[in-house]
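Peer 1: Structure incoming, see below.
No value in this document is a laboratory result; all are computed from the given coordinates. In this text, all values refer to a predicted model and were calculated from it rather than measured experimentally. Here the Cβ positions follow ideal geometry from the backbone for every residue, glycine too, while neighbour counts run over all protein chains shown.
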């Protein structure tokens, strides 16, 4: 890896750590409104990236605390990587643990990428520069995307700006 590319990766990682440490909102002050009715998110377990690393994508072994989350409603904080050409809105995207993952840097390992497909192809605002909370039904399932292998799927019900104080 070249020195320039390594420096860019380190800078992106540092910005990510800084951003996740503070509450972030969109520049226009808006956020996606929750889905109403039957699709409204249930009280969700918060899943961290360390939890997702419990899945050994090489051997297929799933950690004891990760397995019970399969099929449950969870929320995960991360950065959006859209899978569609439209960069303002997306109904499908990848969620990664750091800014720029999968775009101009080598992708994270499969157990650090979540493929999100919004329920009923609902479109949400894309914010690639700030972390978001994504709530939805979690599934441990391998998938191939143009950005790399993915170990997890989430049927997205809600996307909100990241707030470390949010319950």
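Peer 1: May I ask you to derive the FRET efficiency for residue 130 and residue 58 from their Cβ-Cβ distance with R0 = 41 Å, giving the value to the nearest 0.05?
Peer 2: 0.80
Peer 1: Looking only at the stretch 124-167, which residues have a backbone nitrogen under 11 Å from a spot 7 Å from the Cα of residue 84 in the C-beta direction?
Peer 2: So the set is 124-126.
Peer 1: Still on this structure, please answer the following. Note down, for the stretch 122-167, the three equivalent ellipsoid semi-axes (square root of 5 times each alpha carbon gyration tensor eigenvalue), biggest first, whole angstrom.
Peer 2: Each semi-axis is the square root of five times an eigenvalue, giving 21, 14, 11 Å.
Peer 1: What nm value, rounded to one decimal, do you get for the distance between residue 143 and residue 155 when each label is placed 7 Å out toward the C-beta?
Peer 2: Distance between label points: 1.3 nm.
Peer 1: Quick one: if the Förster radius is 22 Å, what FRET efficiency do residue 72 and residue 50 give, using the C-beta to C-beta distance and rounding to 0.05?
Peer 2: 0.80
Peer 1: In addition: For the stretch 87-167, what value does the Rg/Rh ratio take when both radii are computed over Cα atoms and Rh is the Kirkwood radius, given to two decimals?
Peer 2: Using only Cα positions, Rg/Rh for the stretch 87-167 is 0.94.
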